[in-house]
Amino acid sequence: MIEVQQNKKIATCVICPSVAGHNVSLTEENRLNEAVGLALAINLDVVYSETQHMREIKPSTFFSKGFIEKIKPIISENELELMVIDTRISPIQQRNLEKELKLKVIDRTALILEIFGERAQTREGTLQVELAHLTYQRSRLVRSWTHLERQRGGAGFLGGPGETQIELDRRIIDDKIVKIKKELEKVKKTREIQRGARRKVPYPIVALVGYTNAGKSTLFNHLAKSDVMAADMLFATLDPTMRKITLPHGNEIILSDTVGFISDLPHELVMAFRATLEEVLNADIILHIRDIANPDTISQRDDVLQVLDNLGLKNIKYSSNYVEVLNKIDLLDESELISWKNKTLNSKNNVLVSAFDGRGCDELLELIEDKLTSEFIECKVTMSAYDGKIVAWLYDNGKVIGTESEDDIATYTVCLSADNLSRLNKMTADNNRIVIRK
């Protein structure tokens, strides 16, 4: 963990390696901007940043001797205390760089873990981050520091004769991992119980996913009239939030905001947050929020789809319950907006919105409702015009698309799911005055 003294920012440099022959999804400029944004997300004082072009990776120090000699005076002049390297480096490379440069070195994975550790608010979020930290630390023990290779004595469960410090540390971490996984298993069972209760109601689940800072929480707040933290920073949201909202025709859904994704999202975090992300796996509709004002929007989309693929949602973009919400149209100029409108013309899986000013949000809610009712069964329910209980039930559980009345008899044309049609038949089985026909 990075130790921060109160009221003192750590002077930091951010280095974004660009290795010849290595394919990366983002442009160099945006990769560097994203790396700096990650550092700023935990209040580090970034006083120097650069993209370092490399022909090859050095096994011992990652960077070449030339770069190390070049960066030393920059470190000295700016009194730097921390270097962030925007890729994953080995424990040996980390140790050797710290020895050469005389400052703390962390990689992209460690930085993202730091952000998650600072932002987690709930007990579940804290456990998930701690699990990810421990998994990462365990991978760093192998010959990372010379003191870990010393042997120690001991007896019983504290370690047998000749046990090295590295073996002891690894066993302590393993014990903590087992304990946290048990606690998270309890959380998972609680979530399954909650899902079971929601299925009995039932409310469809609509999950928001997307690249970090794409505007998920701002859109969530607009749709749910909520006040979830929404800020122009990476990973503003960590702990999932759910709200019940009403669609234009009266149907109710559960809207779920989730943690943002990012390119090269550490594997430890994906696994640790699996219990949270299972809300996405069980969603009736997935809303993929995209920042189309970002030049790398296509790469960001692909990164999100890759994470969803790793979670088990294979080829989700071809699914009928997948919607791309093209956000931040308020940041586009007129020609860009027209271009996007032409791309999405007559699309059933895309909608243009601005979570900032609300444009397109009504169309989004209509699209959600259309998708949820696409497999509904259209039927006519004829009954007394004064049977308010059944009328209210039809509006709450179906999509009423027409009404006719004659004297005291009313006929409602309504779209119902197969489950709700079955419920209606059971509710009215003993009432001969109510006629249901498909």
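The values are calculated or read from the model by the stated rules, or taken from the named source; none is laboratory data. Note that the structure is predicted; figures quoted are calculated from it, not measured. Neighbour counts run over all protein chains shown; Cβ positions are idealised from the backbone, glycine included.
Residue 416 fulfils the conditions (1) within 16 Å of residue 247 (Cβ to Cβ); (2) free of Cβ contacts under 8 Å to residues at least 12 places away in the same chain except for a single criterion, (2). Listed by position, the helices (runs of 4 or more DSSP H) inside the stretch 196-315 whose residues that are under 30 Å from residue 140 (Cα atoms) and modelled with pLDDT under 75 number at least 1 are 267-272, 274-281.
Evaluate the following for residue 328: is it of a type in the set (Lys, Arg), more than 24 Å from the chain's Cα centre (by Cα) and farther than 28 Å from residue 421 by Cβ? First the steps, then the outcome.
Working: of a type in the set (Lys, Arg): yes; more than 24 Å from the chain's Cα centre (by Cα): no; farther than 28 Å from residue 421 by Cβ: yes.
So residue 328 fails the test.
Any residue that is in the same structural domain as residue 224 (by TED's automatic domain parsing) and free of Cβ contacts under 8 Å to residues at least 24 places away in the same chain - is there at least one of those in the stretch 353-368?
Within the stretch 353-368, the subset in the same structural domain as residue 224 (by TED's automatic domain parsing) is 353-368.
Adding the requirement that they be free of Cβ contacts under 8 Å to residues at least 24 places away in the same chain leaves 363.
Within the stretch 353-368, one or more residues are in the same structural domain as residue 224 (by TED's automatic domain parsing) and free of Cβ contacts under 8 Å to residues at least 24 places away in the same chain.
Hey, among the residues in the stretch 108-123 that are over 17 Å from residue 270 (Cα atoms) and of a type outside the set (Lys, Arg), which one's surrounded by the most Cβ atoms within 10 Å (Cβ to Cβ)?
As a first pass, look at the stretch 108-123 and keep what is over 17 Å from residue 270 (Cα atoms): 118, 121-123.
Going one step further and asking which of them are of a type outside the set (Lys, Arg), we end up with 118, 121-122.
Details: 118: 16, 121: 10, 122: 14.
Here the answer is 118.
Going through the stretch 41-79 one residue at a time, which ones are under 19 Å from residue 98 (Cα atoms) and either free of Cβ contacts under 8 Å to residues at least 24 places away in the same chain or of a type in the set (Lys, Arg) (or both)? The answer is 58, 64, 65, 66, 67, 69, 70, 72, 73, 76, 77.
Taking the stretch 85-110 only, how many residues are of a type outside the set (Val, Ile, Thr), out of contact with any Ser or Thr (no Cβ under 8 Å at 6 or more places or on another chain) and under 22 Å from residue 72 (Cα atoms)? Before the answer, list the steps.
Going through the stretch 85-110, the residues of a type outside the set (Val, Ile, Thr) turn out to be 86, 88, 90-91, 93-104, 107-108, 110.
Now drop any that are not out of contact with any Ser or Thr (no Cβ under 8 Å at 6 or more places or on another chain), which leaves 86, 90, 98-99, 101-104, 110.
From the residues that got through so far, the ones that are under 22 Å from residue 72 (Cα atoms) too are 86, 90, 98-99, 101-104.
The number of residues fulfilling the criteria is 8.
Would you say residue 336 is assigned by TED's automatic domain parsing to the domain that holds residue 253 and in contact with a strand residue (DSSP E or B) (Cβ under 8 Å, 6 or more places away or on another chain)? Before the answer, list the steps.
Working: assigned by TED's automatic domain parsing to the domain that holds residue 253: yes; in contact with a strand residue (DSSP E or B) (Cβ under 8 Å, 6 or more places away or on another chain): no.
When the stated conditions are applied, residue 336 does not pass them.
Could you tell me whether the stretch 167-183 includes any residue that is part of a helix (DSSP H, G or I) and modelled with pLDDT under 75? No, there is no match, as no residue in the stretch 167-183 is part of a helix (DSSP H, G or I) and modelled with pLDDT under 75.
Kindly indicate whether residue 107 is of a type outside the set (A, V, I, L, M), touching a strand residue (DSSP E or B) at 6+ places or on another chain (Cβ under 6 Å) and either at pLDDT 95 or above or under 18 Å from residue 133 (Cβ atoms) (or both). Yes: the conditions hold for residue 107. If I filter the stretch 90-104 for residues that are within 20 Å of residue 18 (Cα to Cα) and in contact with a helix residue (DSSP H, G or I) (Cβ under 6 Å, 6 or more places away or on another chain), do I get at least one hit? Scanning the stretch 90-104, I find no residue that is within 20 Å of residue 18 (Cα to Cα) and in contact with a helix residue (DSSP H, G or I) (Cβ under 6 Å, 6 or more places away or on another chain), so the answer is no. Each residue in the stretch 345-355 was checked for being closer than 13 Å to residue 218 by Cβ and out of contact with any Lys or Arg (no Cβ under 7 Å at 6 or more places or on another chain), and 1 of them qualify.
Looking only at the stretch 11-31, filter to residues that are part of a loop (DSSP other than H, G, I, E, B) and more than 24 Å from residue 212 (Cα to Cα); which one of those is modelled with the lowest pLDDT? Give the derivation first.
The initial filter retains those residues of the stretch 11-31 that are part of a loop (DSSP other than H, G, I, E, B), namely 20-27.
Filter again for more than 24 Å from residue 212 (Cα to Cα), leaving 20-21.
Working: 20: 78, 21: 68.
Residue satisfying both the conditions and the ranking: 21.
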